[in-house]
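Where a number appears in this text, it was derived from the coordinates with a stated rule and is not lab data. Here the structure is a predicted model, which is why all the values come from computation and not from measurement. Note: ideal-geometry Cβ built from the backbone for every residue, glycine included; neighbour counts use all protein chains shown.
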């Protein structure tokens with residue numbers, strides 16, 4: 001099986017049988033390539049180290065890429081049964097340096113390497129069986145079951161690259177060079193860089209839903225940009241060129257750094273690029289598994305903050321308006337050179353897709369006309385924070401791929417690196433990282449008088465998120481009081497003579513009830529399945545404000561903000577944490593609570609019975625469980641055979657309240673008769689949802 005020259009799948013060609021086998025081969029090649037990467041670890045202990053404090057140890061990613069397949073297949077309704085619920089919770093969320101990503105090592109008792117490998121083997125066999133048996137209809141689009149399978153494959157390929165960066169940061173004695181991962185043997189004198197003119201023009205970003213290749217949700221939509229004439233550096237910045245910045249005291253001179261960059265330099269105590277290794281004979285260079293003599297003609301690898309500081313330094317030296325390119329300028333430069341897209345090339349035109357070496361190579365090796373490395377070698381930082389294109393839609397099976405990065409804190413990287421494969425190596429890919437983060441990334445600089453327009457405030461445009469911002473933080477309608485506030489009040493009433501140490505708000509959405517509960521509880525955890533909701537809740541916790549659009553009529557919108565200080569909630573943020581999670585398969589550390597609130601949750605779960613049967617494990621004896629729900633059972637959320645109620649049993653109506661009594665009765669006593677609790681959700685200025693939920697309150701025996 002060829003592992004290094006595989007290409008992403010063309011989804012609208014060939015008959016179903018041929019496409020099924022092609023996807024099956026692509027899946028196994030990806031799985032095997034992933035495992036080849038981990039062969040570079042010399043000891044089992046290396047799997048449990050954390051050389052990058054903002055990422056999990058490698059044992060997590062070994063499990064995560066397998067767990068992802070199962071969790072997404074369950075969300076998509078393709079399978080129902082879990083293979084290992086514990087692993088599929090522990091290894092579920094690996095957002096990488098997102099504020100709600102749980103990186104606390106005390107929360108994890110990592111399994112053995114053998115256990116994780118056995119799990120991976122089981123997943124591999126399961127996915128293989130699904131590929132061979134699930135009906136396939138051509139063409140494959142993002143509503144197809146096979147889209148979810150390709151999603152898992154492309155997700156695994158992303159982690160092959162990100163895990164290689166973690167491996168590169170391990171102590172050198174924990175890794176070993178292997179022939180499969182041979183590095184480039186070429187090096188020499190670095191070329192002198194220069195600026196070359198680039199004609200401006202119109203750049204069109206985005207692709208349509210009928211595009212032939214798999215894409216992540218942020219790639220779809222439409223955006224036009226008029227790019228003015230500019231000049232771009234012929235080469236990527238080499239290690240030699242960057243040395244000038246280092247030797248000129250660039251890391252000690254605040255004038256070249258953004259305020260964010262200077263805070264990072266001060267905190268990290270950085271003196272030079274991360275992968276430069278100081279030695280008595282000068283700098284050496286760390287590849288993934290070796291320390292070698294410094295290849296001065298290879299591209300420097302830095303984070304955005306370093307790249308930006310270098311540009312400011314160069315602008316100061318030359319008196320020219322030097323900066324990083326925008327996303328549109330990068331596309332303009334590439335569009336002028338008619339670069340074939342993967343998977344349509346015969347051989348990679350640059351150092352990309354693992355078709356050449358398992359390292360960078362000289363910056364003057366791969367030419368594209370007068371320029372070099374327009375794609376490949378290392379990623380290229382841009383000035384552009386990632387946002388959705390016009391018409392952006394979240395894919396329903398993976399809402400935490402793009403939206404967590406739409407915070408103006410994540411800048412786009414373009415062009416791919418030597419280990420970028422699959423979707424990463426396509427023209428339309430849009431990946432972004434926090435500005436202090438490291439990837440196999442460097443820079444090309446441009447000279448331009450065209451100003452860079454950066455977003456100042458991010459307004460939520462996702463209709464569901466915006467509705468919930470308005471629902472939880474906006475005004476009341478039709479004299480119906482705020483639902484989240486009333487839920488919190490009910491919780492306080494039934495816990496007034498009980499311990500109020502820790503509370504859990506499950507299905508917290510954008511967090512209003514979580515903040516309200518923190519007025520009385522010592523600590524509150526908010527958990528929601530949707531990363532889109534959690535991101536807003538976390539923004540409120542960290543910044544005290546969130547902005548959102550409210551639909552008025554048709555395309556007419558108004559702009560609003562939710563501000564904690566206006567609600568007297570700004571004093572409780574230090575007693576709150578938010579996490580993304582599955583209420584029916586929570587991680588073990590979410591336990592020892594005195595209160596659990598599950599508001600409008602149970603009729604949106606894949607397996608509500610499992611949730612009810614296990615929720616007592618999260619509560620202390622005598623703890624209180626509050627459930628609210630309108631019992632709106634829909635097959636789009638819960639298969640009919642898994643509904644708790646709303647059907648006839650033995651010819652008689654069987655209501656959800658009957659199921660609650662039956663399932664919860666083993667571990668709980670109902671404290672009061674059910675009560676109604678109405679709420680109103682605004683859709684537009686003339687359309688509202690008026691709903692009546694039922695509230696039940698339970699005490700754990």
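Rounded to 0.05, the FRET efficiency of the residue 210 and residue 639 pair, given R0 = 30 Å and the Cβ-Cβ distance, is 0.50.
Find the centroid of the Cα atoms in segment 617-672 and in segment 559-606, then give the distance between the two in whole Å. Measuring centre to centre over Cα atoms gives 21 Å.
Output the 0 to 90 degree angle, nearest 10, between the alpha-carbon long axis of helix 113-133 and the longest principal axis computed from the alpha carbons of the chain. Helix 113-133 sits roughly 80 degrees off the main axis of the chain.
Could you order peptides 550-558, 72-80, 404-412 by the average number of other Cβ atoms within 10 Å of their residues, highest first? Could you put the intermediate results ahead of the total?
Numbers: 550-558: 12.3, 72-80: 17.3, 404-412: 20.9.
Order by mean packing, descending: 404-412, 72-80, 550-558.
Using only Cα atoms, tell me the angle between helix 531-543 and the longest principal axis of the chain; keep it within 0 to 90° and round to the nearest 10. With both axes taken from Cα atoms, the answer is about 80 degrees. Each principal axis of the Cα atoms in segment 16-180 has its own extent, and those three values, largest first, are 48, 37, 27 angstrom. Between residue 316 and residue 223, residue separation times 0.36 nm minus the direct Cα-Cα distance comes to 30.2 nm.
Cα centroids of segment 336-389 and segment 443-516: 41 Å apart.
Each label point was placed 7 Å from the Cα along the Cα-to-Cβ direction; for residue 655 and residue 337 their separation is 6.9 nm. Based on the Kirkwood approach, the hydrodynamic radius assigned to segment 576-701 is 15.7 Å, with every pair of different Cα atoms included.
Fewest-first ordering of 656, 638 by other beta carbons within 10 Å of each residue's beta carbon gives 638, 656. The order of 143, 128, going from fewest to most other C-beta atoms within 10 Å of their C-beta, is 143, 128.
Tell me, in nm to one decimal, what length is gained between residue 684 and residue 268 on full extension, where the rule is 0.36 nm per residue of separation less the Cα-Cα distance? Numbers along the way, then the final one.
Numbers: separation 416, 0.36 × 416 = 149.76 nm, distance 4.81 nm.
Here the segment from residue 684 to residue 268 would lengthen by 145.0 nm.
For segment 16-56 and segment 228-289, write down the distance between their C-alpha centroids in whole Å. Between the Cα centre of segment 16-56 and that of segment 228-289, the gap is 31 Å. Full extension of the segment from residue 573 to residue 589, taken as 0.36 nm per residue of separation minus the current Cα-Cα distance, would add 3.7 nm.
Can you sort 311, 508 so the residue with the fewest Cβ neighbours within 10 Å comes first?
Details: 311 23, 508 30.
By the 10 Å Cβ count, ascending, the order reads 311, 508.
Mean residue ellipticity, 222 nm, helices only, the chain: the sum of -39500 (n - 2.57) across DSSP H runs of n ≥ 4, divided by residue count and rounded to 500, is -9000 deg cm²/dmol.
Among 11-24, 30-43, what's the highest-first ranking by average C-beta atoms within 10 angstrom per residue? Don't jump to the answer; show the numbers that get you there.
Numbers: 11-24: 14.9, 30-43: 18.2.
Descending mean neighbour count gives 30-43, 11-24.
The modelled label-to-label distance for the pair residue 180/residue 477, using points 7 Å beyond Cα in the direction of Cβ, is 5.7 nm.
The alpha carbons of segment 194-456 give a radius of gyration and a Dmax of 17.9, 57 Å, in that order.
Between residue 676 and residue 389, what FRET efficiency follows from the Cβ-Cβ distance if R0 is 30 Å, with the result rounded to 0.05? Mind dumping the intermediate values first?
Working: r = 43 Å, r/R0 = 1.45.
Calculated value: 0.10.
Suppose we keep just the DSSP beta bridges with both residues in the chain; what percent of those would be antiparallel, to 5? If I count the DSSP bridges inside the chain, around 70 percent turn out antiparallel. Only Cα sites of segment 474-700 enter the Debye sum here, all with the same form factor; the resulting log10 I(q)/I(0) across q = 0.15, 0.17, 0.18 1/Å is -1.05, -1.33, -1.47, listed in q order.
Label-point separation (nm) for residue 367 and residue 54, each offset 7 Å from Cα along Cα-to-Cβ? It is 3.8 nm.
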